[in-house]
Each structure stands twice: as structure tokens, then as C-alpha cells.
1. Could you please report the charge total around residue A:147, scoring K, R as +1 and D, E as -1 over all other residues with beta-carbon less than 14 angstrom from its beta-carbon?
2. Here is the link list: A:69/B:27; A:55/B:40; A:145/A:167; A:145/B:27; B:27/B:145. Which ones come out longer than 19 Å on Cα distance?
3. Sort B:149-162, A:157-170 by the packing proxy (mean of other Cβ within 10 Å over each peptide's residues), most packed first.
4. Looking only at other chains, what is the average number of their beta-carbon atoms within 10 angstrom of each beta-carbon in B:26-39?
5. Once the label point is set 7 Å along the Cα-to-beta-carbon vector, what list of distances in nm do you get between residue B:187 and its counterparts in the other copies?
6. Place the peptides B:118-130, B:195-207 in order of packing, highest mean first, counting for every residue the other Cβ atoms within 10 Å and averaging per peptide.
7. In a shell of Cβ-Cβ distance under 12 Å around residue A:197, excluding residue A:197 itself, what net charge do Lys and Arg (+1) and Asp and Glu (-1) give?
8. Can you give the accessible area per residue of segment B:99-209, in Å², using a 1.4 Å probe?
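The values are calculated or read from the model by the stated rules, or taken from the named source; none is laboratory data. Keep in mind the model is a prediction, meaning the values are calculated, not measured. As a convention, Cβ positions derive from the backbone with ideal geometry for all residues, glycine included, and neighbour counts pool all protein chains shown. Areas reflect the complete protein model, heavy atoms only, side chains present, ligands, DNA and RNA absent. Shrake-Rupley method; radii C 1.70, N 1.55, O 1.52, S 1.80 Å.
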Protein chains: 2
Amino acid sequence: MTKRKFTKANVDDTVELVYNYITEYIKTNGFSPTVRDLCKGTGIRSTSTIHAHLKRLRDSGRIDMEAGKRRALTIAAFEQQKVDHIPLVGRVAAGVPILAEENIDSYLPVPAAFYTEPEHMFALEITGDSMIGAGILNGDYVFVKKQAGADYGDIVVALIDDEATVKTLAREQGRTVLKPENPSYKTIPFDQEGCLILGVVRGVWRAHV
Amino acid sequence: MTKRKFTKANVDDTVELVYNYITEYIKTNGFSPTVRDLCKGTGIRSTSTIHAHLKRLRDSGRIDMEAGKRRALTIAAFEQQKVDHIPLVGRVAAGVPILAEENIDSYLPVPAAFYTEPEHMFALEITGDSMIGAGILNGDYVFVKKQAGADYGDIVVALIDDEATVKTLAREQGRTVLKPENPSYKTIPFDQEGCLILGVVRGVWRAHV
DNA sequence: AGGAAAAACGAACTATTGTTTGACGAACAA
DNA sequence: TTGTTCGTCAAACAATAGTTCGTTTTTCCT
């Protein structure tokens, strides 16, 4: 009687097993598993077998690993799905830079792929329904790129007499105005005195309860 | 002449230096730095000094570390800002489970704090303007919790004759209907034949170009 | 000035962990 | 059946990296 010492499963399946355990491990622990962790996690008994599978995963571009480095496996796909944390601005204090520490309530994670310069972004919670026509509702979060100028048609965050407001920047009858997207609100003349553009809306997030 | 071999800076400042380098390193590399990496990064020459600072950071609850484990530092604050990646469903193939592999285009990162069960979520890109009244525009992404039932008033993703659509579930004149939030679209009767609720919209994301 | 405490240093120690090697078993084709 | 290939295994090797220890330097207090 020959004793069955191991089973030789389909390689692709085993590689998948290893890959899944890596992602799972990183997700729960926050750092990469070791070769021996993968042994325990997958039931594979030899470190060299894991090693071979890791090479396959690296060669197919699914993971990144540096030779010799411990716990240095990273999921290649995460690169595209990188996340930045941008500040959520609660109140806009008068005379204080928008991103000053006292303004920042917390940080929200945002897909980095959506923006080229996430370090210049901030988020703002919408109060009121003046922008309903643009699909921006009360309670929504807008993600704003900080910049002093904007184009006509852009939805901007502006400071008017020490109050922050979100409106569409437009040109009407020869004047630059801040236009609400709701007929029951009045268009605000944008005269340079006391008016300041803080940034341009680049994204909207709404959570349904 | 006494040779100045090292300067003894304020401990808090040095701890901060170490902490910042850890976050920076993890952000760029995807895995934790080693004690010796931190030496190079901070200019501190002794591994034991770094070790002492790491203990301080752990004791003050700012980082997590397990004794003996290599490259296993994690930033404690990241815990609260955890991100889940939920599948972006491109097409909805007839007769195939919504989360089947062939439906999934890619994955989007979403703040885990927003949902209790991110593993049951999927995302869908909106085509058309039938939900303008609810602030859901063409090109928006909706984040959907997968469930077979829903309440009246919920915005649902439903399958009607093998086509996925996003509408408000409502009751009108004694019948259950799928109601568009746009007067130029017709209300769709929700008869059980060929009609299926795939999930309920929990979030909306819009990126302004 | 003298001494204690705190912080940094350098070197040695330890062990976790990546890597290599050679052998064995299973699957498959000739 | 027989040989080849490939996946797995066990064990040993090598080295990266966590930890400890005793000393030196700086700061601060008396």
C-alpha cells in the first residue's frame, strides 16, 4: 500500500488560494504575511512551494515583492485603487485659511484615481437646497479642489462676507455672478469686495440612510 | 575641544519625526519600515533609540506593533479610516447573479464607516436622467446594498426583463410601482413576473471633470 | 561644579523569515 | 510500461531585522 503523502492540485487553483490568503491577511492585519504564514493559511507544508507560487504571482504582475525583504508583499492592484484622505471642513472660520486645523473636522477617504492632486482637495457638507438643479442636495458632501480662480460654468465654493457658499460661477448681463441652481434662490452678484473663490467642486458624495 | 557626537532634541519632537516617517513610508511602499529603515529615514543612528521611540508610540496608542514581528508596524488611526473595495458592476447579464465575475468591471474604494456590511455592496454607473429629481444624474455612480426586498420610498436597483434600472419603489393606486424621479418618464408597474429587486441605493458618487 | 536622569549610541545577540537544494510522488504522453 | 515534467516536500542555509545591554553624552537640578 502506497501512502498518499500529498495531493497535486491544479496549479492555478493553488496560486489563487495563495493570492486570496495574501489579500485576506493584509486586509485584516494591515501588513503582509510571511512565507510561513502562508503555509499555515493555505495548508501547504513547504515554504519553498509557497516561494514558487509567489514567484508565479509576481511574474504575472499580480503582486509586488522585493527579494529578501520580510513581510513586503503588496497587492499590485491596490496601486490603481489607492486612497487618499482629504480633510472634511466643518465650519469656515472668518479670516482663517480654509485648510487651517481649526476648520478640519475629520478626514474622508477618496479614490486617488479621481484626482491628480489630492493634497489640494477638501470636503464640505452641504447645507440648504440652493443647488438642487445640479444634483447637489442638502446633506451631500462636495469634494473641492482648492484654487483661487475658476471658469464660468464651474460649481465653486465661494466666501461671501465670511460665509461659505456653493454656487455656479456664471456671467450674466456683463457681470460675474454666483448662480444658485434653484429658481427660488436669488443670483448673487460677484463683486470683488468681500468675495473670494475658495475652490471648484470636483465631486459629490451622498449617503442614503 | 569636545566633539559634538549627537544632539539631544526634545523627545516629543523626535517621536513625531519617527511617527511621520512611518506613515510616509507605509504610504509610499505599502508595507511597514524596519527599525533600521527608520534609522536612515530619521537620521537617528542607533536601532535601540528607534526601538525606544516605537515603544513610546505603542504605549500612547498611536501605532500597533507585535513583538518580534518584522515590518509589522501599523498606524492605529488608519483603523477608523478603513476602506473597503466594492465591485463596480458594468453590465447586468441576464440570468447571472449580479456579483458574478463576468459582471464586475473593477473595484471602487469606499469609506467602510459608511456601511455596516461592505461585503454586500456593489456599485453601478448610471445611464440616463430618469432620476434627476432625486439628485442622481447621468454618469453618477450609485452604491448599492444587495438585498431582495425594499421599503416604499427606497431607491432601488431592479431587474426588469433582463435590464437593470434605478428607480424609486412606491405604492400608487393600490399597486407597487417603480417610479422615475423625472416627469418625462413613465411609472413602471412592478408586477412580480420578470421583475426582481437587486438592491437598495445607499450612496451616490459624482465626479466633476 | 557635581551628580542624577534622560536620551542616544554602538555593538552584540537572537530568531524570524527569505532562499536554495535535492528528493519524492503524481500526472501525462509515448 | 517507462520516462519526463511539474508540483510538493523537508531540511538546511543565509541574512535581514527585532531586542538587549552597557556606555557615553546632554540636560537639568541642586
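1. -1
2. Exceeds cut-off: A:55/B:40; A:145/B:27; B:27/B:145.
3. A:157-170, B:149-162
4. 3
5. Taking the point 7 Å beyond Cα along Cα→Cβ, the inter-copy spacings are 3.7 nm.
6. Answer by packing, highest mean first, reads B:195-207, B:118-130.
7. Spelling it out: positives minus negatives among the neighbours equals +1.
8. 51 Å²
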